[in-house]
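*Asks:* I'd like to ask you about the structure that follows.
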Amino acid sequence: MKFRQTPYVIIGSGIAGLYTAIKLSEKTDREILIITKSGLRESNSRYAQGGIVGILPENIEDSVELHVQDTLKAGSGLTDPDVARFISERSAVAVADLISYGVNFDKSPEKKVELTLEGAHSVRRILHAGGDATGRSIELALCSVVEKDPKILIYRQTQAVDLLIDSDNTCKGVIVLDKTTGEYETVYANSVIIATGGAGQVYARTTNPQIATGDGIALAYRAGATVQNMEFIQFHPTALDFEENGSRFLISESVRGEGAKLKTPDGESFTHKYDERGDLAPRDIVTRAIYFEMKRHGYEHVLLDTSTIPEEKLKARFPNIIKACEEHGIDIFKKPIPVSPAAHYIMGGIKTTVRGETSLKGLYAVGEAGCTSFHGANRLASNSLLECVVVASELAQLLSEQNEDVPSESSDCRINCLISKYEKNNFGYKPDIAPLVQQLRETMWGKAGIVKTEEELMEALKVVNELRLEFNQPYKCRNAEEYEFRSLLTTAELIIRSALMRKESRGGHYREDFPETSDVACDSYLSKQPEPCLC
Ligand SMILES: Cc1cc2nc3c(=O)[nH]c(=O)nc-3n(C[C@H](O)[C@H](O)[C@H](O)COP(=O)(O)OP(=O)(O)OC[C@H]3O[C@@H](n4cnc5c(N)ncnc54)[C@H](O)[C@@H]3O)c2cc1C
């Protein structure tokens, strides 16, 4: 297998990966390699609509303290207050940095940055760009910085398939698959940074694009890293009730922030029956309100009525939502939007510090793949992009202080044993992967979704185990899709096992058989011993 030696390899080119690369490049003269399994611009980040939290000094209504309180409230006892404060305090600098990289946040006619409101925020503090295209604007700005930087090398259409862990449990690099040639390469690196985003594709209904298959979380877990709070999935209340390429278009919470109202198909408001904050209650509450209304009355969806928002404002703020609805035959100036919940964000992930350090030496994680305890049991809207950039910046600082040399090729037995498994083809029975993926996603949606019980979770685990047996491809797979399926199976198993352990309901995790919240809030952790070297 061919190989490369590089000080830093960043896996993923969403906002977390790109921002880490840019900040690191400002602090080092060394090469930085980004590998990304699709095009440089394809990521969850690109689809972020609502915006990014910024506690701006000129916003006299707001303060770090207020934002921390809102974050803690949404996090339902599992947000670490120190982490929340750390990230919140750095938000103004993060916003200024983004502007310096070319992000053009929307401004009022008086040339002031416009701030919007989203659910469970007590004041307007969310910056947006391109109306409802914040993620796209940030992603494109960062991509153009990265593409102009001669120190940053990019492997596109290249998928990370296994991490190299030596006999001392230190991460020494990653095995990657070039999807265009089918060739494998070993990348030896002193620091491996996982920025692979979330895992929405584990569910049949999701707002996440096809890249969101939990690869980084699965790779880190396989390698022996600790994962945290995997049972906490955020189901967004309002995805457009149509599916395209395995994902659903998001109708951003800021539409409700600007005044749109949720109604049943009979035209009745209903969310106030579940929470006094009504349509702008935290996402888990609004999601369950919709879920129970749909279940009780057999509705296929509920409706989001935008007639309360002036037409000019709708056009200026939500051009992409208007366009997406039009593509499905919905004129939102005449008709309400059919919406239903979908998996949106994973609060859990690879356990890290606020500087991205994992439990394994040499391995770091940033962005949605990581879990810093900022979001706790439920993420506050627009807090994730903020976490991506703050943690990326801190991680870059940490890495730059480590004075990395180019690593040598490894003579470690465990590493060489793993590499050898990718050098030979050992394919047995060849199942058609598509129906297996579909079965997994439907099972997760039906039995490990918005509301679950022990019985359902056990059934889901049984299906995951059966699918894994049928698939039976622990190392080298035939193609990129099979590696993604392997990741989905691991991620699904982690979600189910964590959900089984948590015998209570809290934030995004709701157990119908344990509907109460325990007095004591505890994080959940899973880890496994890496496989011993058998050669
Ligand atoms: C529709 C939608 C709207 C959202 N709106 C908001 C919002 O308004 N505000 C907010 O704060 N958050 C929002 N979020 C959440 C937020 O966008 C994400 O949490 C955040 O962008 C994650 O960034 P990331 O860099 O960690 O991962 P991503 O942006 O998902 O990037 C992951 C990258 O890793 C690559 N990758 C994955 N696996 C591999 C592999 N095996 N090998 C190589 N590369 C790999 C992918 O191709 C991609 O480049 C939204 C999410 C969605 C889906």
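*Asks:* With label points built 7 Å along Cα→Cβ from the Cα atoms of Thr517 and Phe427, find their separation and express it in nm.
*Replies:* 5.0
*Asks:* May I ask you to derive the relative contact order of the chain, considering only C-alpha pairs under 8 Å and at least 6 residues apart, and to give it as an integer percent?
*Replies:* So the answer I get is 22 percent.
*Asks:* Only sites in a loop by DSSP and with at most 16 other Cβ atoms within 10 Å count here; which GluC sites (Glu not before Pro) in the range 276-376 make the cut? Show your work: numbers first, answer last.
*Replies:* Working: sites: Glu276, Glu293, Glu300, Glu311, Glu312, Glu326, Glu327, Glu357, Glu368; in loops: Glu276, Glu300.
Qualifying residues, ordered by number: Glu276, Glu300.
*Asks:* Suppose all protein chains stay in the model; what accessible area per residue would a 1.4 Å probe give for the range 430-516, in Å²? Please list the in-between numbers first.
*Replies:* Values: 3540 Å² over 87 residues.
Averaged over the residues of the range 430-516, the accessible area is 41 Å².
*Asks:* Given a Förster radius of 35 Å and the C-beta distance between Lys334 and Ala92 as r, what FRET efficiency does 1/(1 + (r/R0)^6) yield to the nearest 0.05?
*Replies:* Numbers: r = 41 Å, r/R0 = 1.18.
Efficiency, from the Cβ-Cβ distance: 0.25.
*Asks:* Cα to Cα, under 17 Å, and not fewer than 8 places away if on the same chain: which aspartates and glutamates meet these conditions relative to Lys37?
*Replies:* Partners found: Glu139, Glu147, Asp162, Asp178, Glu183, Glu185, Asp215, Glu368, Glu481, Glu482, Glu484.
*Asks:* Under a Cβ-only charge scheme (Lys and Arg +1, Asp and Glu -1), can you give me the dipole magnitude of the chain about the Cα centre, in debye to the nearest 20?
*Replies:* Taking the Cα centre of the chain as origin, the dipole is about 540 debye.
*Asks:* Right, next: Which residues does the label zone of Asn416 cover in the range 1-18, counting backbone N under 14 Å from a point 7 Å along Cα→Cβ?
*Replies:* What the label zone holds, given the 14 Å backbone N cut-off, is 1.
*Asks:* Hey, another quick one. Can you tell me the length gained on complete extension of the stretch Glu65 to His297, counting 0.36 nm per residue apart and subtracting the Cα distance?
*Replies:* Full extension from Glu65 to His297 adds 79.4 nm.
*Asks:* Using 0.36 nm per residue, how much length does the chain from Gln438 to Ser167 gain when fully extended, once their Cα-Cα distance is taken away?
*Replies:* 93.8 nm
*Asks:* Are there any GluC sites (Glu not before Pro) in the range 377-447 that are in a DSSP loop and have at most 14 other Cβ atoms within 10 Å? List them by number. Before the final figure, lay out the partial values.
*Replies:* Working: sites: Glu387, Glu394, Glu401, Glu404, Glu409, Glu423, Glu442; in loops: Glu404, Glu409, Glu423.
Within the range 377-447, the qualifying GluC sites (Glu not before Pro) (loop, at most 14 other Cβ atoms within 10 Å) are Glu409, Glu423.
*Asks:* May I ask you to derive the relative contact order of the range 430-516, considering only C-alpha pairs under 8 Å and at least 6 residues apart, and to give it as an integer percent? It would help to have the intermediate numbers written out before the result.
*Replies:* On the way: 70 pairs, mean separation 31.9, N = 87.
Averaging sequence separation for qualifying contacts and normalising by length gives 37 percent for the range 430-516.
*Asks:* Here's something else I'd like to know. Check each of the trypsin sites (Lys or Arg not before Pro) in the range 405-513 and keep only those in coil by DSSP with at most 12 other C-beta atoms within 10 angstrom; list them in order. Kindly include the intermediate steps, with their values, before the conclusion.
*Replies:* Working: sites: Arg414, Lys421, Lys424, Arg441, Lys447, Lys452, Lys462, Arg468, Lys476, Arg478, Arg486, Arg497, Arg502, Lys503, Arg506, Arg511; in loops: Lys424, Lys476, Arg478, Arg502, Lys503.
Those satisfying the criteria are Lys424, Lys503.
*Asks:* Something else about it: For Gly197, list long-range residues whose amide hydrogen, built 1.01 Å from N in the peptide plane, is under 5 Å from its own amide hydrogen.
*Replies:* For Gly197, the qualifying residues are Glu368, Ala369.
*Asks:* In whole percent, what relative contact order does the range 237-341 give with Cα contacts below 8 Å and a gap of six or more residues? Write out the running numbers ahead of the final one.
*Replies:* Numbers: 149 pairs, mean separation 36.7, N = 105.
Rounded, it is 35 percent for the range 237-341.
*Asks:* With all protein chains present, how much of the accessible area of the chain (probe radius 1.4 Å) comes from carbon and sulfur, to the nearest whole percent?
*Replies:* Values: 10010 of 20500 Å².
Of all accessible area on the chain, carbon and sulfur atoms account for 49 percent.
The values are calculated or read from the model by the stated rules, or taken from the named source; none is laboratory data. Not measured: the values here are computed from a predicted model. Every residue, glycine as well, gets a Cβ built from its backbone with ideal geometry; the counts of neighbours run over all protein chains shown. The protein model used for the area step is the full one, side chains on, heavy atoms only, and it has no ligands, DNA or RNA in it. Shrake-Rupley method; radii C 1.70, N 1.55, O 1.52, S 1.80 Å.
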